[in-house]
Amino acid sequence: MNRVPRPSRGGRVRASVVALLCSVGAAVPGPAAAQDGYPSRLITMVVPFPAGSGTDSSARLLARHLNEATGQSVVVENRPGANGSLGAQVVARARPDGYTLLVGAAATNASNYAFYPGKLGYTPASFDIVGGLGIVPLSMVVGGQAPWKTVADLVAEARKNPGRLSCGSGSTTAQVACEMFMLRAGVNVVNVPYKGTPPAITDVMGGHVQFVFADGTSATPLVEQKRLRVLATAARKRAPYWPDVPTFIELGMADLELSAWSAVFVPAGTPAAVQQRLNDLVRRSTESPESVTARQRTGALAMSFTLDEARRFVSGEIERWARFVRESGVKLD
């Protein structure tokens, strides 16, 4: 009778270790299961603009809502500089696990690609968008005492006196808007750059420049005080807070659609389950009555997207800005 040899003591130990490892492996959740518990620790939300900016305000409201919804702490970290690209670089290089978010904007995640090709330290492929926050169309405004009541009035004046009217540009976005307006309207206007929208608005109220392209956040209070007059908005449809103001598209200036917006991005490669969870949380925040009311007070519109809608939106914005920058000929140092 052949006897089966008994394993040596060392063999028994090795077999026990293998069995233990197998049992532990079976008990440890895989990547998909681990994501079910997201988030389970502190989230860092990077804002690539200074504290107090419109993007920063949106981020802080979202951070509070995320904390309330998940019970996890959310830290807002301002990383301003280089038209938002410094903060965007931080997130592009972060671990793609959903714990470092970028509250990006039209500058960081659309126009910068056209203005600084190959010089940003990140590309569109560096991020995945997980939700929208708010959007503010740019609007053409003149001084409250200006003689022009409509865009047609201003265009007629510009054609009568080529090179005599001036457009104040408080941002790169506004600079492109001025140039695109000239192209679409067929007029010659002097584009005067400023270091910010507030000083450009101050000069249009003082008559030093004739019009500016400003976001609703900056213009709304002064419009209400009759110190500014809105002639048109660079939006797809009329703003609900200015229902009597036409869009440039209505006036026959096709595709003159320029807006400031903010949205939430994660490093590329973040697990799909985490992206979906973030999308659910961001949409819940964006659609909340508090968010809607807060944005209405500043002339902004809530921008709630599914993941597919968000991806189509940002892709369209990148293409639009590339075309506008190319057509306008605006160059930045």
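Return a whole-number percent for the relative contact order of the chain, with Cα pairs under 8 Å and 6 or more residues apart as the contact set.
Here the relative contact order equals 24 percent.
Taking a virtual spin label 7 Å from the Cα of residue 237 along the C-beta vector, which residues in region 269-302 bring their backbone nitrogen under 13 Å of it?
Hits in region 269-302 for residue 237 at 13 Å: 302.
At 0.36 nm per residue, and after removing the present C-alpha to C-alpha distance, how many nm does the segment from residue 152 to residue 93 gain when stretched out fully?
16.4 nm
Apply the Karplus curve 6.51 cos²θ - 1.76 cosθ + 1.60, θ = phi - 60°, to the phi angles in region 268-284 and return the couplings in whole Hz, x for Gly and Pro.
Karplus values, whole Hz, x for Gly and Pro: 4, x, 4, x, 4, 5, 5, 4, 5, 4, 5, 4, 4, 5, 5, 5, 4.
Would you mind checking the tilt of helix 151-160 against the longest principal axis of the Cα atoms of the chain, expressed as 0 to 90 degrees and rounded to 10?
Result, in degrees: 60.
With charges only on Cβ, +1 for K and R and -1 for D and E, what is the dipole size of region 137-233 about its Cα centre, in debye, rounded to 20?
For region 137-233, the charge dipole is close to 200 debye.
Counting helices only, and only those DSSP H runs with n ≥ 4, report the 222 nm mean residue ellipticity of the chain as the sum of -39,500 (n - 2.57) divided by its residues, in deg cm²/dmol to the nearest 500.
When only DSSP H runs of four or more count, the value is -13000 deg cm²/dmol.
Nearest 20 debye, what's the magnitude of the dipole of region 54-97 about its Cα centre given +1 on Lys and Arg Cβ and -1 on Asp and Glu Cβ?
Details: 5 positive and 4 negative charges, 21 e Å.
Magnitude of the dipole: close to 100 debye.
Order by neighbour count: 103, 292, fewest other Cβ atoms within 10 Å first, most last.
On the way: 103 25, 292 16.
Taking fewest neighbouring Cβ atoms as first place, the list is 292, 103.
Suppose R0 equals 30 Å; then what is the FRET efficiency for residue 327 and residue 160 from their Cβ-Cβ distance, rounded to the nearest 0.05?
So, using R0 = 30 Å, E works out to roughly 0.75.
In debye, nearest 20: dipole of the chain around its Cα centre with unit charges on the Cβ of K, R (+) and D, E (-)?
Charge dipole, the chain, about its Cα centre: 1160 debye, nearest 20.
Would you mind checking the tilt of helix 172-185 against the longest principal axis of the Cα atoms of the chain, expressed as 0 to 90 degrees and rounded to 10?
50
If you find the alpha carbon centre of region 52-122 and of region 161-176, how far apart are they in angstrom?
The two parts, judged by their Cα centres, are 29 Å apart.
Do you know the relative contact order of region 146-261, to the nearest whole percent, from alpha carbon pairs under 8 angstrom that are 6+ apart?
Working: 166 pairs, mean separation 27.4, N = 116.
With pairs under 8 Å counted, the relative contact order is 24 percent.
FYI, it's all coordinate maths here, none of it is from the lab. Since we're looking at a predicted model, the values are computed, not measured. Cβ atoms come from the backbone with ideal geometry, glycine included; neighbour counts cover every protein chain shown.
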